[in-house]
Amino acid sequence: MAQRKSLNVNGKAARIAIDDADMPLLYALRDNLGLHGPRFGCGLAQCGACTVHVDGKAVRSCVTPLSSLTAQQKVVTLEGLGTPQRLHPVQRAFIEEQAVQCGYCINGMIMESAALLAKTKKPSEAQVKEALANNLCRCGTHARIVKAVMRAATA
Amino acid sequence: MTIHASRRDLLKGTGALVVSFSLVGTLDQTLAQGAKPLALTEVDSFLAIDAKGEVTLYTGKVDLGTGVATALPQIVAEELDVPLNRIKLIQGDTALTPDQGTTWGSLSIQLGGMQLRNAAATAKAALLEEAAKRLDAKKEDLKVVDGVVSAGNKRVSYGELIGGKSFALKLDHAKPAASKDPKDYKLVGKPVPRVDIPDKVTGRFTYVHDFRVPGMLHGRVVRPPAIAATLENVDETSIKDVAGVVKVIRHGNFLGVVAESEWGAIKAAEKLKASWSKSQTLPDAAKLWDEVRASKVAKDEVTSNVGNSAEAMGQAGAQTLKATYDFAIHTHGSIGPSCAIAEFKDGQLTSWSASQATHNLRKQLATMFGMPVENVRCIYLEGSGCYGRNGHEDAAADAALLAKAVGRPVRVQWSRADEHGWDPKGPPTLIDLRAAVDGAGGVTAWESEFFIPQQTAGSFNVPLVAATLAGMPAGDDIAPGNIFQNSAIPYKFANVKTVCRRLASTPFRPSWIRTPGRMQNTYANECFIDELAAAANADPVQFRLKYLDPNDKRGIEVLNRAAALAKWDTRPSPKRDGRGGEVATGRGVAYCKYELTRTYIAAVAEVEVKRSTGDIRVTKFYLAHDCGQIINPDGLRNQLDGNVIQTLSRTLIEELKYDRFAVTSLDWASYPILRFPQLPELVYDLIDRPNERPWGAGEPAAAVVPSAISNAVFDAIGVRLRSVPFTPDKVMAAMKGTA
């Protein structure tokens with residue numbers, strides 16, 4: 001029953017074995033490829049914890065069936081956005097603002113903000129809040145997250 | 001053993017997974033070196049220094065996303081004079097860490113940190129004594145820099161002094177060893193960056209959800225459609241097309257599936273056909289408060305009794321004010337649903353979870369499986385933010401039950417609906433208040449009754465869902481947390497009686513959620529005192545100051561500083577000017593001395609209320625905060641943000657929905673929480689008292705949020721909100737006088 005699926009994840013070709021062509025991307029990234037960046041939060045595209053980039057766009061990997069992706073589409077996760085040695089400006093800003101409590105939602109916050117800043121270089125604070133309006137944080141780190149995104153925008 | 005294709009991918013793995021495996025190895029190696037002391041009275045229980053001078057710190061208090069994995073080592077690094085990055089922290093492992101109690105109540109620093117400080121100070125005194133001998137110098141002439149002791153040009157390192165040997169020193173936490181003079185602090189009191197953040201923002205951090213063990217399977221639990229439904233029939237053929245199903249586990253009313261892959265387990269749980277009995281055990285949600293009021297009272301607890309309030313209330317000429325407040329049922333709502341891994345091997349159960357109380361969970365699991373407690377090991381791995389007893393322990397029980405049934409390690413990941421539907425809830429709280437005032441508006445008597453569930457004596461065992469469903473030993477304790485706290489008041493009225501009517505039952509399995517009881521009780525008390533101030537036509541800050549204990553200088557200072565911070569406009573509420581416009585603005589104050597024994601907090605909220613819709617927007621929130629010695633001011637600010645924002649969400653938006661069968665608010669659409677556009681500006685005044693003991697910081701700040709908002713709305717529109725959450729329809733009803 002197992003079938004092969006080719007993906008491009010963080011700049012590398014990956015071949016995985018799956019049982020269901022419609023398995024959401026999230027499980028391929030976490031369970032088949034062992035990545036920790038994208039996180040399971042709701043499975044309903046309501047919270048944003050699972051956000052990754054597909055061809056530069058922020059998408060909710062928990063509701064993205066593998067069957068909708070080709071091997072050419074570029075999937076980037078938090079690990080591929082930047083590394084501890086080469087941080088993405090948004091990651092660096094989150095460290096500088098200490099914009100993390102538990103950090104479970106932070107993957108989504110960073111991936112969504114990075115996608116925003118890629119198309120809107122100098123957003124207003126209101127634009128940042130609007131862009132993150134469908135990303136949920138339960139710890140209440142919102143104020144620092146906004147500051148971090150604004151800092152990244154001016155970096 | 002057959003390895004599924006996706007398992008092979010997993011084992012080929014990435015660096016991050018290797019971390020997971022090596023973590024297991026490290027712990028096992030540590031254990032192999034012999035039994036480690038765990039008693040609270042031994043230095044060796046808390047810390048070890050190896051030959052290279054690396055310090056290992058063992059703490060039963062765990063980092064729930066609050067930053068104590070930085071703050072606790074910060075305390076110890078200061079005391080020992082070692083760099084922070086030479087301290088490795090082991091948290092919440094029943095085989096390795098002392099039982100310092102549940103991580104709750106903002107006590108990690110106040111209690112746990114002070115035990116660590118005592119251990120470090122005791123260890124350091126012994127190290128210096130030994131160094132003095134080795135260096136042939138006087139103890140007072142020794143200097144310590146980065147774990148190296150020197151006297152003139154002679155030096156010896158901690159590693160050379162103790163290197164892997166045990167300290168074998170006793171501790172008495174009631175009489176702690178002399179610790180460093182705060183004037184010499186280099187680390188404590190500084191905004192040291194958190195150690196976990198770089199890994200968390202780059203996807204290198206291992207949460208419990210990321211943890212994997214060799215041979216591990218994935219489990220899911222199929223929850224009953226009604227809380228008390230019984231399982232009648234299961235049709236296993238309904239999942240014959242799902243690949244990789246290993247087993248369907250049926251144990252009483254517990255139904256679960258185990259599969260090779262996580263997605264396989266999810267699909268199997270979704271597709272598995274089962275029939276359940278009809279069961280209506282929940283109250284009519286529309287009549288919740290009648291139900292609470294009519295609940296059987298198990299006992300009345302008088303939490304304060306001064307003078308004779310009944311006599312004062314009945315006195316001729318006294319005007320009596322009465323009000324009833326209620327506070328909705330809340331869910332914890334962690335962004336990552338609960339998750340746990342369990343393994344049964346050679347009669348031993350190992351459980352990895354994000355439990356805030358691994359030592360207690362260990363006892364609960366031992367009871368559930370009828371095992372000696374020594375054969376259970378619970379290991380903490382950080383999960384999604386935890387604000388009290390949520391579903392972590394229940395997921396641990398689920399995983400253990402499934403692992404036992406299949407004889408292999410099983411990981412259980414709760415779904416969003418599992419978390420919203422089945423985590424224990426913050427119970428509904430109903431509060432009646434009465435006061436008598438004299439002709440000048442002075443308060444002569446205060447009486448209150450809090451309708452809150454009882455607490456099984458001495459128990460903080462929230463029954464494990466899996467044990468209850470499976471009919472295994474679970475106990476039927478009711479453990480909502482110490483929710484009587486802050487029912488008594490800080491104001492010195494001549495006659496006061498506060499009573500907790502402890503109810504025999506409550507609709508949902510209760511537990512503690514951030515600031516349990518203290519939030520609800522402070523909300524009612526601080527709103528009602530505002531009502532009294534308004535009745536006396538007095539300024540709400542001045543009115544409070546009039547009744548605070550004049551000897552409680554720190555409390556008075558906090559309240560005055562909050563007012564100064566907010567540039568408080570001294571006048572009675574409601575506001576007389578500018579009424580009638582579409583957007584009304586107002587400000588409200590609230591004050592709390594946490595549990596009447598520790599952290600002082602005062603808040604001022606500024607709000608805008610839209611008259612046509614009833615929408616409340618909190619625009620600014622000011623907080624003055626005195627927790628004594630501040631360990632990490634940036635960590636403190638981060639926690640204050642969290643407590644204020646989360647409580648804003650609870651106050652304005654949150655309310656559990658249910659029908660007669662079960663919880664119906666099973667996702668973020670039906671149980672919404674605060675979003676970015678609703679974020680207020682936050683302004684703090686942190687009062688640092690380096691020479692005082694550190695008190696809890698974090699959840700005390702949440703206590704003042706609901707009342708500050710209610711009082712600000714009253715100031716804006718002259719209408720008192722007495723029912724949390726303050727939804728637009730409640731505001732509209734209150735404005736129309738129909739609330």
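Quick look at the values:
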read-out: Restricting segment B:693-726 to residues that are within 14 Å of chain A (Cβ to nearest Cβ) and not in a loop (DSSP other than H, G, I, E, B), the residue that is farthest from the chain's Cα centre (by Cα); value: B:Val705
read-out: Breaking point among (1) within 12 Å of another protein chain (Cβ to nearest Cβ); (2) touching an Asp or Glu at 6+ places or on another chain (Cβ under 8 Å); (3) surrounded by 22 or more Cβ atoms within 10 Å (Cβ to Cβ), for B:Ala243; value: (3)
read-out: Subset of segment B:194-226 that is away from chain A (no Cβ under 14 Å) and assigned to a loop (DSSP other than H, G, I, E, B) - its residue that is farthest from B:Gly244 (Cα to Cα); value: B:Ala226
read-out: Subset tally (residues that are out of contact with any Asp or Glu (no Cβ under 9 Å at 6 or more places or on another chain) and closer than 21 Å to B:Ala534 by Cα) for segment B:717-729; value: 5
read-out: Search result, residues across segment A:137-151 that are over 21 Å from B:Thr619 (Cβ atoms) and surrounded by fewer than 24 Cβ atoms within 10 Å (Cβ to Cβ); value: A:Arg151
read-out: Pairs where the first residue, in segment A:2-19, is touching a residue at least 40 places away in the same chain (Cβ under 8 Å) and the second is of a type in the set (Asp, Glu), C-beta under 7 Å, 6+ apart; value: A:Asn10/A:Glu79
read-out: Residue in segment B:689-705 that is at pLDDT 95 or above, buried (at least 24 other Cβ atoms within 10 Å of the Cβ), farther than 30 Å from B:Pro337 by Cα and of a type in the set (S, T, N, Q) present; value: no
read-out: Matching residues in segment B:426-445 - criterion: being part of a strand (DSSP E or B), more than 24 Å from B:Leu503 (Cα to Cα) and out of contact with any Asp or Glu (no Cβ under 9 Å at 6 or more places or on another chain); value: B:Val437, B:Val443
read-out: Residue match in segment B:172-193 (condition: over 19 Å from B:Gln629 (Cβ atoms), assigned by TED's automatic domain parsing to the domain that holds B:Ala51 and part of a helix (DSSP H, G or I)); value: no
read-out: Residues located in segment B:382-425, provided they are crowded, with 24+ Cβ neighbours inside 10 Å and in a loop (DSSP other than H, G, I, E, B); value: B:Glu382, B:Gly383, B:Ser384, B:Gly385, B:Cys386, B:Tyr387, B:Arg389, B:Asn390, B:Gly391, B:Trp414, B:Asp423, B:Pro424
read-out: Selected residue (criterion: nearest to the other protein chains (Cβ to nearest Cβ)) from residues of segment A:29-42 that are outside any loop (DSSP other than H, G, I, E, B) and out of contact with any Phe, Trp or Tyr (no Cβ under 9 Å at 6 or more places or on another chain); value: A:Asn32
read-out: Unique match (being part of a loop (DSSP other than H, G, I, E, B), over 28 Å from the mean Cα position of the chain (by Cα) and aliphatic (A, V, I, L, M)) among B:Ala584, B:Ala533, B:Ala564, B:Ala538; value: B:Ala538
read-out: Condition check for B:Thr613: outside any strand (DSSP E or B), modelled with pLDDT of 95 or more, touching a helix residue (DSSP H, G or I) at 6+ places or on another chain (Cβ under 7 Å) and within 14 Å of another protein chain (Cβ to nearest Cβ); value: no
read-out: Looking only at segment B:638-692, and only at residues there that are hydroxyl-bearing (Ser, Thr, Tyr) and within 13 Å of chain A (Cβ to nearest Cβ), the one that is nearest to A:Gln127 (Cα to Cα); value: B:Ser649
read-out: Every residue from segment B:373-402 that is farther than 14 Å from B:His209 by Cα, within 14 Å of chain A (Cβ to nearest Cβ) and of a type in the set (Asp, Glu); value: none
read-out: Residue match in segment B:449-463 (condition: closer than 30 Å to B:Asp530 by Cβ, part of a loop (DSSP other than H, G, I, E, B) and not basic (Lys, Arg)); value: yes
read-out: Pairs, first touching a residue at least 60 places away in the same chain (Cβ under 8 Å) and of a type outside the set (Ser, Thr, Tyr) in segment A:140-155, second surrounded by 24 or more Cβ atoms within 10 Å (Cβ to Cβ) and outside any loop (DSSP other than H, G, I, E, B), C-beta under 9 Å, six or more apart; value: A:Ala152/A:Val90; A:Ala152/A:Gln91; A:Ala152/A:Ala93; A:Ala152/A:Phe94; A:Ala152/A:Ser113; A:Ala155/A:Val90; A:Ala155/A:Ala93
read-out: Failed item in (1) more than 9 Å from chain B (Cβ to nearest Cβ); (2) of a type in the set (A, V, I, L, M); (3) more than 14 Å from A:Val76 (Cα to Cα); (4) assigned to a strand (DSSP E or B), with A:Ala45 passing the rest; value: (4)
read-out: Among (1) without any contact (Cβ under 8 Å) to a residue 12 or more places away in the chain; (2) more than 10 Å from every other protein chain (Cβ to nearest Cβ); (3) within 23 Å of B:Gly383 (Cβ to Cβ); (4) not small (Gly, Ala, Ser), the one test that A:Val52 misses; value: (1)
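Yes/no matrix, rows are residues, columns are (1) modelled with pLDDT under 95; (2) farther than 16 Å from B:Glu681 by Cα; (3) not aromatic (Phe, Trp, Tyr); (4) not assigned by TED's automatic domain parsing to the domain that holds B:Asp715:
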site	(1), (2), (3), (4)
B:Lys553	no, yes, yes, no
B:Ala562	no, no, yes, no
B:Thr570	no, yes, yes, no
B:Tyr600	no, yes, no, no
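Table: residues versus (1) without any contact (Cβ under 8 Å) to a residue 60 or more places away in the chain; (2) touching a Leu at 6+ places or on another chain (Cβ under 7 Å); (3) within 30 Å of B:Asn691 (Cα to Cα).
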{"site": "B:Gly586", "(1), (2), (3)": "no, no, no"}
{"site": "B:Ile601", "(1), (2), (3)": "no, yes, yes"}
{"site": "B:Thr613", "(1), (2), (3)": "no, no, no"}
{"site": "B:Val618", "(1), (2), (3)": "no, yes, no"}
{"site": "B:Pro633", "(1), (2), (3)": "no, yes, yes"}
{"site": "B:Gln646", "(1), (2), (3)": "no, no, no"}
{"site": "B:Glu655", "(1), (2), (3)": "no, no, no"}
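Residue by residue, here is whether (1) more than 21 Å from B:Ser338 (Cβ to Cβ); (2) touching a helix residue (DSSP H, G or I) at 6+ places or on another chain (Cβ under 9 Å); (3) not hydroxyl-bearing (Ser, Thr, Tyr) holds:
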{"position": "B:Gly439", "(1), (2), (3)": "yes, no, yes"}
{"position": "B:Thr444", "(1), (2), (3)": "yes, yes, no"}
{"position": "B:Gln454", "(1), (2), (3)": "yes, no, yes"}
{"position": "B:Pro480", "(1), (2), (3)": "no, no, yes"}
{"position": "B:Ala488", "(1), (2), (3)": "yes, yes, yes"}
{"position": "B:Val496", "(1), (2), (3)": "yes, yes, yes"}
{"position": "B:Val499", "(1), (2), (3)": "yes, no, yes"}
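This table checks each residue for (1) touching a Cys at 6+ places or on another chain (Cβ under 9 Å); (2) in a strand (DSSP E or B); (3) in contact (Cβ under 8 Å) with a residue 12 or more places away in the chain; (4) not small (Gly, Ala, Ser).
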| residue | (1), (2), (3), (4) |
| --- | --- |
| B:Gly53 | no, no, yes, no |
| B:Ala71 | no, no, yes, no |
| B:Val82 | no, no, yes, yes |
| B:Leu89 | no, yes, yes, yes |
| B:Asp99 | no, no, yes, yes |
| B:Thr103 | yes, no, yes, yes |
| B:Gly112 | no, no, yes, no |
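This table checks each residue for (1) at pLDDT 95 or above; (2) outside the structural domain of B:Thr103 (by TED's automatic domain parsing); (3) of a type in the set (D, E, K, R).
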| residue | (1), (2), (3) |
| --- | --- |
| B:Glu374 | yes, yes, yes |
| B:Ile379 | yes, yes, no |
| B:Cys386 | no, yes, no |
| B:Asn390 | yes, yes, no |
| B:Asp394 | yes, yes, yes |
| B:Ala397 | yes, yes, no |
| B:Ala400 | yes, yes, no |
| B:Ala405 | yes, yes, no |
| B:Gln413 | yes, yes, no |
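The values are calculated or read from the model by the stated rules, or taken from the named source; none is laboratory data. Note that the coordinates shown come from a computational prediction; the quantities given were computed from them, not determined experimentally. Don't worry about glycine lacking a Cβ; one is built from the backbone with ideal geometry, like all the others, and counts go over all protein chains shown.
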